[in-house]
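Each value in this text was obtained by applying a stated rule to the coordinates, not by laboratory testing. Remember, it's a predicted structure, so these values are computed and weren't measured experimentally. No Cβ is skipped: glycine too gets one built from the backbone with ideal geometry, and neighbour counts run over all protein chains shown.
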């Protein structure tokens, strides 16, 4: 059991490093991409979220039960996008890339399997920004402030 947990922890660390490296090396949109205070954009994002994301991530951003435990197929259930999840731990650029290209491609992990589809070709860039902006608009002020700090740190290393 400990070996399994250590392997999962190692994989999680590797994914974090790979995602961070890919984020810094690629064609990500500018930092501060999300606009949670833009009422028109966030309303559009809410509509797109309900149509394309809520089936897995929940209408209330609650995610799927036991979202930290891999299923029989090895994939993780959809995480929550509310303050209880880890979405706000990632800078805007990475959230954008994971949504547009999928986790595996965003991290540069060939063969990585995820139930999360890539939305490139289904949603345009502005729709992705709208969804992510709406998600951020739902977080409490203190979580939004912490996410702003995540973006500032990411921008500082760019």
Between residue 83 and residue 120, the two model label points (7 Å from Cα along the beta-carbon direction) sit apart by a distance in nm of 3.5
Here segment 28-96 gives, from Cα atoms, an Rg and Dmax in Å of 13.5, 41
When only Cα pairs under 8 Å and 6 or more residues apart are kept, what is the percent relative contact order across segment 67-114?
23
Multiply the residue separation of residue 69 and residue 47 by 0.36 nm, subtract the distance between their alpha-carbon atoms, and state the gained length in nm to one decimal.
5.0 nm
Once the Cβ-Cβ distance between residue 37 and residue 156 is put in as r, and R0 is 30 Å, what FRET efficiency do you end up with, to the nearest 0.05?
0.85
Share of Cα-Cα pairs in segment 22-158 lying beyond 28 Å, as whole percent:
11
